[in-house]
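Novice: After the structure tokens below, expect a handful of questions from me.
The values are calculated or read from the model by the stated rules, or taken from the named source; none is laboratory data. What you see is a predicted model, and the numbers here were worked out from it, not measured in a lab. A quick note on method: Cβ atoms are made from the backbone with ideal geometry, for glycine too, and the neighbour counts reach across all protein chains shown. All accessible areas refer to the heavy atoms of the entire protein, side chains included, with ligands and DNA or RNA removed. Shrake-Rupley method; radii C 1.70, N 1.55, O 1.52, S 1.80 Å.
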Amino acid sequence: MADFLEIKANLSVSDAGEISGIAWPYGSPDRVGDVIEPKAFAGAPSLLPMLFAHDPTQPVGVWNEISTSGVGLTLKGQLLVEDVVRAREVRALVKSGAVTGLSIGFRTKSATPRKGGGRIISALELVECSLVTVPCHPGARVTSAKSASDVLKIAEAINRAASALSRK
């Protein structure tokens, strides 16, 4: 296997920078025909760098929840909007819809040719996940970008309900 970093990857973000998405959906190939088996993500790290456009000079946050499900590789993390100017810019791009994709960077450990082109990847080393405009896997998207205003509305509703209960 060649020793190089490969770039692949639903996505949303909050005012506070909370972000989640599907970095690799299972069951369909990416744009170059690669399919990653769920077992390939075994041993994924508990923390993963969040980059913008696979640029190692543009770290914008950290993925701190990495899990696999029947849907795919799911990530949740935090854009460092309080500390990193570029993270605030990226949050604005995600919220506007200009950036909607996720793409994973990894090193292939084991793969076999796939009929029709591409590979079936059965083992890899997950290195990073980037926010991108065009992901290699068309299904790799931001799924949640919680808004601080949404959280405040929920908190206000809870406070109103608690106040109503305390008056009874």
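Novice: Where the second residue is open to solvent by less than 30 Å² (accessible area, probe 1.4 Å) and assigned to a strand (DSSP E or B) and the first is among the acidic types (Asp, Glu) and lies in the range 113-126, which pairs have Cβ atoms under 8 Å and are six or more apart or on separate chains?
Specialist: Filtered contacts from the range 113-126: GLU125/PHE106.
Novice: Another question, if that's okay. Looking at the structure I just gave you, is VAL60 of a type in the set (A, V, I, L, M, F, W, C), within 19 Å of CYS136 (Cα to Cα) and more than 11 Å from the chain's Cα centre (by Cα)?
Specialist: Working: of a type in the set (A, V, I, L, M, F, W, C): yes; within 19 Å of CYS136 (Cα to Cα): no; more than 11 Å from the chain's Cα centre (by Cα): yes.
Considered against the rule, which asks whether it is of a type in the set (A, V, I, L, M, F, W, C), within 19 Å of CYS136 (Cα to Cα) and more than 11 Å from the chain's Cα centre (by Cα), VAL60 comes out as no.
Novice: Need pairs with beta-carbon distance below 7 Å; first residue surrounded by fewer than 12 Cβ atoms within 10 Å (Cβ to Cβ) and within the range 55-71, second part of a strand (DSSP E or B); sequence gap 6+ or separate chains.
Specialist: From residues that are surrounded by fewer than 12 Cβ atoms within 10 Å (Cβ to Cβ), the pairs are SER67/THR74.
Novice: For the range 13-53, name all the residues that are among the acidic types (Asp, Glu) and assigned to a strand (DSSP E or B). Spell out how you get there, then give the answer.
Specialist: Going through the range 13-53, the residues among the acidic types (Asp, Glu) turn out to be 15, 18, 30, 34, 37.
Answer for the range 13-53, where residues must be among the acidic types (Asp, Glu) and assigned to a strand (DSSP E or B): just GLU18.
Novice: Inside the range 94-115, can you point out the residues that are surrounded by fewer than 16 Cβ atoms within 10 Å (Cβ to Cβ) and not small (Gly, Ala, Ser)? Let's see the steps before the verdict.
Specialist: Taking the range 94-115 first, the residues surrounded by fewer than 16 Cβ atoms within 10 Å (Cβ to Cβ) are 96-98, 107, 109-110, 112-115.
Passing the criteria: ARG107, LYS109, THR112, PRO113, ARG114, LYS115.
Novice: Determine whether the range 16-23 contains at least one residue that is surrounded by fewer than 22 Cβ atoms within 10 Å (Cβ to Cβ) and over 14 Å from the mean Cα position of the chain (by Cα). Talk me through it step by step, then tell me what you get.
Specialist: Of the range 16-23, the ones surrounded by fewer than 22 Cβ atoms within 10 Å (Cβ to Cβ) are 16, 18.
If we keep only those that are over 14 Å from the mean Cα position of the chain (by Cα) too, we end up with 16.
Yes, the conditions are met somewhere in the range 16-23.
Novice: Continuing with the same structure: Sort out which residues of the range 106-144 are under 26 Å from GLU89 (Cβ atoms) and among the charged types (D, E, K, R), and write them in order of number.
Specialist: Once the filter is applied, which keeps residues that are under 26 Å from GLU89 (Cβ atoms) and among the charged types (D, E, K, R), the range 106-144 yields GLU128, ARG141.
Novice: Within the range 28-46, take every residue that is surrounded by 15 or more Cβ atoms within 10 Å (Cβ to Cβ) and not acidic (Asp, Glu) and give me the one that is farthest from PRO113 (Cα to Cα).
Specialist: First, the residues of the range 28-46 that are surrounded by 15 or more Cβ atoms within 10 Å (Cβ to Cβ): 29-30, 34-38, 40-41, 44.
Filter once more, keeping what is not acidic (Asp, Glu): 29, 35-36, 38, 40-41, 44.
Values: PRO29: 13, VAL35: 10, ILE36: 12, PRO38: 17, ALA40: 15, PHE41: 19, ALA44: 23 Å.
It comes out as ALA44.
Novice: Which ones in the range 72-93 are over 12 Å from the mean Cα position of the chain (by Cα) and open to solvent by 60 Å² or more (accessible area, probe 1.4 Å)?
Specialist: LEU80, GLU82, ASP83, VAL85, ARG86, ARG88, GLU89
Novice: Related question: If a residue has to be acidic (Asp, Glu) and under 12 Å from CYS129 (Cα atoms) to count, how many in the range 31-64 make the cut?
Specialist: Residues of the range 31-64 acidic (Asp, Glu): 34, 37, 55.
The next check asks that each one be under 12 Å from CYS129 (Cα atoms); those that pass are 55.
Final tally of qualifying residues: 1.
Novice: Taking the range 104-134 only, how many residues are among the charged types (D, E, K, R), in a strand (DSSP E or B) and out of contact with any Lys or Arg (no Cβ under 7 Å at 6 or more places or on another chain)? Full working, then the answer.
Specialist: Step one: list which residues in the range 104-134 are among the charged types (D, E, K, R), which gives 107, 109, 114-115, 119, 125, 128.
Within this subset, residues satisfying the condition of being in a strand (DSSP E or B) are 107, 109, 119, 125, 128.
Imposing the further condition that a residue be out of contact with any Lys or Arg (no Cβ under 7 Å at 6 or more places or on another chain) reduces the set to 107, 109, 119, 128.
Final tally of qualifying residues: 4.
Novice: Kindly provide the set of residues from the range 5-58 that are acidic (Asp, Glu) and either over 16 Å from LEU75 (Cα atoms) or at pLDDT 95 or above (or both), ordered by number.
Specialist: First pass over the range 5-58, keeping only residues acidic (Asp, Glu): 6, 15, 18, 30, 34, 37, 55.
GLU6, ASP15, ASP30, ASP34, GLU37, ASP55, listed by residue number.
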